[in-house]
1. For the chain, give the magnitude of the charge dipole about the Cα centre (Cβ charges: +1 Lys/Arg, -1 Asp/Glu; no others), in debye to the nearest 20.
2. Simple spin-label model, 7 Å along Cα-to-Cβ: Ser80 to Gln68 in nm?
3. Around Asn47, with a cut-off of 13 angstrom between Cβ atoms, what is the net charge of the other residues, counting Lys and Arg +1 and Asp and Glu -1?
4. At a Förster radius of 22 Å, what calculated FRET efficiency corresponds to the Cβ-Cβ distance of Ser32 and Asn3, to the nearest 0.05?
5. How long is the gain from Arg55 to Arg17 if the chain were fully straight, where each residue apart is worth 0.36 nm and the alpha carbon distance is subtracted?
6. Could you work out Rg/(2.2 N^0.38 Å) for the chain, with Rg from alpha carbons only?
7. Quick query: amide H of Gly41 versus all other amide H atoms, modeled in the peptide plane; which residues come in under 5 Å with a sequence gap of 5 or more or a different chain?
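Rule-based calculations on the coordinates, nothing more; no lab input. Since this is a predicted model, take the numbers as computed values, not measurements. For neighbour counting, all protein chains shown are included, and Cβ atoms are generated from backbone atoms with ideal geometry for every residue, glycine included.
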Amino acid sequence: MKNIPSLGLLNSYDGHRNSRTMIKEVNFWSDSYVISGSDCGHIFIWNKFNGNIVRIIPADEHVVNCVQPHPLNYPILASSGID
């Protein structure tokens, strides 16, 4: 087995909540953004390079567990909660 050097923490994406559910899915949206749902019912979009929140979108009355970008990078997101 090859030893792979550790890169350490490259970036941190803060602001969303994960207190009521066990798992949150995180995805990359194009080459520039990281997206995730939150237990507050919003979708969070971060700048991948600096970790700043770009946008917070209301998506559900309770929890957003899954967020998927359009496969061809159109500006469309699909989300689901636990309803």
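1. Details: 6 positive and 7 negative charges, 62 e Å.
It works out to roughly 300 debye.
2. Each label point lies 7 Å from its Cα, and together they span 0.7 nm.
3. Values: positive: Lys48, Arg55; negative: Asp14, Asp31.
Summing Lys and Arg as +1 and Asp and Glu as -1 gives 0.
4. Numbers: r = 32 Å, r/R0 = 1.44.
Efficiency computed from Cβ-Cβ geometry: 0.10.
5. On the way: separation 38, 0.36 × 38 = 13.68 nm, distance 1.50 nm.
Result: 12.2 nm gained on full extension.
6. On the way: Rg = 14.1 Å, N = 83, 2.2 N^0.38 = 11.8 Å.
Here the answer is 1.19, to two decimals.
7. When sequence neighbours closer than 5 places are left aside, the close amide H contacts are Val64.
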